Every structure is written in C-alpha cells, then in structure tokens.
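Some notes on the structure that comes next.
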Amino acid sequence: MNHLEEKYLQPLMHTGSKYYLTVVVLGLIITWALYAYFYQLIYGLGVTGMNTPTYWGFYIVNFIFFIGLSAGGVIVASLVHAFNIQKFKSVARIAELLAISCLVLATIFITLDLGRPDRIWHLLVYGRLGSPLIWDVIVITTYLLVSLAYGYFGTRADLVKCMGAIPQKRRLYWFLALGYTNTSEKALRGDRKILRGLAIIALPLAVALHSVTAWIMGLLKARPGWHSALLGPLFVVSATVSGLALVSLVVVLGRKLLKLAIKDEIVKALGSLLFFTIPILGYFLFAELLTVTFAGEPAALGIFQEMVYGHFAFVFWFNLILGLLVPFVILAFPRARTDFGVGIASLLVVLGVLAERWNITIPSQLHADHFLPYPHGVYNLTWVEYSLVAGVYALGVLFFAICAKLFPLVEIEEGTPPEERVPSLAEVKKS
C-alpha cells in the first residue's frame, strides 16, 4: 500500500464489520420511522403532541436546529477559501458535507410538519413575497445550491485522483466528478477561484438564512417570547456556535472511527475557536433574559417563569449549565483541548443549542394569551414524533457514513502521487 492509499484512501478501501453493523442499525431505525410517517399520514397530525395552541412542535424545533447547524460548515470552509487560513484545509470538506446534509435534514423536518405534504407545491404557486416563510424558502434553496457547488468544486480534483488510485471504482468517480478529468494547474487555479467566490457569497448568505429563519418568529407581534429584535442576531450567533461545535465533534469522531488524517493541532484550533464563541452566545441569551425580567411585562414574564420553574425547566437549566458553562470551563484549559475534551464540550454545546431552540419555540406557544381566559397550553411528545426525529437523525448519520466510503473526507495533499496515472474521459467510458 503506497502513501496515498495509506493516508487518505484507507477508509474507502477497507470496511470492517462494525461499519456494516452500524448501517444495519441505522437502516432499522429509518424503517421504523417510515412506518411512523405512514401512520401519521393516515391518521393526521393528531397522532402527534401538537394541538391548540401548540401548533409548532418538535419537528419545527429540529428544523430551526439543523438550519443553524449548517452554519458551521460554511464558516470553517470559508476560513480556508475566503481567508486563506490553510490550517483548516484538512477539515474543510467535512464542513462542506455537514452544511449540505444539515440543510437537507432541515427540509425533511419541514415536510414532516405538513399535514398534507402533497400540497407543498401550493407554497411555490400561491406564496406571497411579503411573507417571511417565502423569504426562508428562497434563501434555503439558494443556500443549498451554493453549498452543493461548494462541495463539488472542493472535491472533484480528488475524485479524479481516486479514479487512478482505485481503478475498480473508476466509473463511480467519473460520475461523481460529472465527467471532469482535468487536473492541470490551470484547472486547479480555476477551482480555487470559484471556491473563493462561493465563500464570499456564502458568508452573507448564511447570515441572511439564519436571520430570515428567526424573523419567521420574531416578526409576530402577538406572540410574546418571539417578538424581539434580538432574535435574529441570537439565531446567527447560536447557529455559528452550534455549527462549529458539530464540525469539531465530527472531526473528533472521524479521527477515532474512520482514522482520518487530521492532525492534533486542528482539533486544538477548533476547540479554541469554540471556546471564544461560547461567551458571545451567553451574552445574547443574558441580554434577552435581562430585558424580559427587568421590563416585567406579564406575558413575556409568564413565559420566562414557565421556562425557569415550569414543566420544561430541565431544558432551560440544561442549556445554561451543561450547554454553555461546562463546555466553556472544559475548553478554558489548553491541556483539555484533546480529542476527548473537545468532543465532550462540542457534544454538550450541540445539545445545549437544541435545548435553546426548544425554549424559543415551545414555551411561547403554551401561554396563548395572559389577558384572556384561555387555558394553559400543553405539549407532550408522542411515539410518532420520537420515531420520526430518530429516523431523520439516523438518515443524517447514514448519509455521512456512505459519503465516507465514496470519496476522501480529507483533501489529498498536493504532490501526493497516485497509484497510476489519471485516466482520460474516453478511457473511463471505454472501461
């Protein structure tokens, strides 16, 4: 086995029994989720915990959560392509893949929330441009296309190298590269220019995406707890922190499970970035809570009390203590920025932001109106929601696992010799 195979292509060429067992388990979870989805289609959204006044439940919580997670991929990749920080070059492809997968999973959660998914086309035909929902559709679609282009132009040069290094999969890599076989220096410079341009577009687009998603809630004047000018910036910051934490977590797991050629200093650098971004998120949460408690408006204060002392108080304190404080303390010590330390801190941050999304979405709906004699809202998750959420999560893990066997997750260093010369387009078609 030569250097190229040993360092970069080993995960593609050697698959153990644990991998197949993982795929089978994920497949079973997805199969059960499909059963739960058909059950929901037959009997309607009444089989979920959603009701009056809790119209948006765990599906929407996860939609907002995964929209935010996609930010980390764009940010890390842009550090390489827009700001030329080559330190993160080895994890840029992982970041790009996470951005794409998180956006796809977010759209799936929106579909799950629809009682009549067969009418989703109505949104495109009858949608009004004055609605933040339409803004979100436009921005998500644009963001996904940019992320797909990001991933393609950042990967296709290595796909051509794989065509020469793994001849038995030559046709597959030719298909993934869309027939591209040119690896000349001029072509590579062209790819880098395109990636730089995409990075410059992607960064403001990411801010727009998370801001528009926040405005779906924040522009509702009659919903205390949502109607806040801080909600847009809060979504942008929490998306940045959670997305960066997800990239760090996947990098650590990739080093451990897939033996990816990622150096220790990359993990330490990601841990340092996460350490400096956590206080920013903490500040925005503090500013929002201080405004609510100091002003003392009955409706907003009631929602705050519901989060702190009510039915979902555990979620609130989990977010503040385990989702923010504990990861910050762990990463405060440079010696703790190891695979284990960064992995644990990143996992806690991701779960903490998920708890934050819950706190934003659910409690504000439980208090329908403090000035009218309406009963207090109730929301309890059902087995259908648990099953579908678990199925979508499993689908995301399966997608990433399959991609890990299709192409190198770490960019092959320039100057690394392939096993044989790269075949021409005619040779690929002929073979």
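Here VAL247 does not fit the description of being among the hydrophobic types (A, V, I, L, M, F, W, C), modelled with pLDDT of 85 or more, under 30 Å from PRO298 (Cα atoms) and in a helix (DSSP H, G or I).
Evaluation of TRP56 against the conditions (1) touching a residue at least 12 places away in the same chain (Cβ under 8 Å); (2) part of a helix (DSSP H, G or I) shows that the sole unmet condition is (2). A single entry from VAL252, VAL237, VAL241, VAL315 fulfils the requirement of being among the hydrophobic types (A, V, I, L, M, F, W, C) and closer than 30 Å to THR15 by Cβ: VAL252. A single member of ILE134, ILE67 is crowded, with 19+ Cβ neighbours inside 10 Å and either part of a helix (DSSP H, G or I) or of a type in the set (D, E, K, R) (or both), and it is ILE67. Applying the condition of being out of contact with any Pro (no Cβ under 8 Å at 6 or more places or on another chain) and not in a helix (DSSP H, G or I) to the stretch 290-311 and asking which residue is surrounded by the fewest Cβ atoms within 10 Å (Cβ to Cβ) yields GLY296.
Identification of helices (runs of 4 or more DSSP H) wholly contained in the stretch 312-425 with 2 or more residues that are at pLDDT below 95 and not β-branched (Val, Ile, Thr) yields 313-317, 339-361, 363-366, 383-406. Screening MET217 against (1) part of a helix (DSSP H, G or I); (2) out of contact with any Lys or Arg (no Cβ under 9 Å at 6 or more places or on another chain); (3) surrounded by fewer than 24 Cβ atoms within 10 Å (Cβ to Cβ) leaves a single unmet condition, (2). Checked against (1) closer than 26 Å to ILE85 by Cβ; (2) touching a Lys or Arg at 6+ places or on another chain (Cβ under 9 Å); (3) surrounded by fewer than 15 Cβ atoms within 10 Å (Cβ to Cβ), ARG171 passes all but condition (1). Set side by side, the residues HIS227, HIS210 differ, and just one is over 18 Å from ILE75 (Cα atoms) and either out of contact with any strand residue (DSSP E or B) (no Cβ under 9 Å at 6 or more places or on another chain) or not in a helix (DSSP H, G or I) (or both), which is HIS227. Under the condition of being among the polar types (S, T, N, Q) and under 26 Å from the mean Cα position of the chain (by Cα), which residue from the stretch 32-51 is surrounded by the most Cβ atoms within 10 Å (Cβ to Cβ)? The qualifying residue surrounded by the most Cβ atoms within 10 Å (Cβ to Cβ) is THR48. When the stretch 15-24 is filtered for residues that are assigned to a helix (DSSP H, G or I) and touching a residue at least 40 places away in the same chain (Cβ under 8 Å), the ones remaining, listed by number, are TYR19, THR22, VAL23.
When ILE110, ILE94, ILE120 are screened for being among the β-branched types (Val, Ile, Thr), touching a residue at least 24 places away in the same chain (Cβ under 8 Å) and surrounded by fewer than 23 Cβ atoms within 10 Å (Cβ to Cβ), only ILE110 passes. Considered as a group, the residues in the stretch 1-31 that are surrounded by 13 or more Cβ atoms within 10 Å (Cβ to Cβ) and either basic (Lys, Arg) or touching a Ser or Thr at 6+ places or on another chain (Cβ under 6 Å) (or both) include one that is modelled with the lowest pLDDT, and that residue is LEU4.
Only one entry in ALA99, ALA71, ALA106, ALA82 is under 24 Å from LYS259 (Cα atoms) and among the hydrophobic types (A, V, I, L, M, F, W, C), namely ALA99.
The values are calculated or read from the model by the stated rules, or taken from the named source; none is laboratory data. If you're wondering where the values come from, they're calculated on a predicted model, not measured in any experiment. Note that each Cβ is placed from the backbone with ideal geometry, even for glycine, and that neighbours are counted across all protein chains shown.
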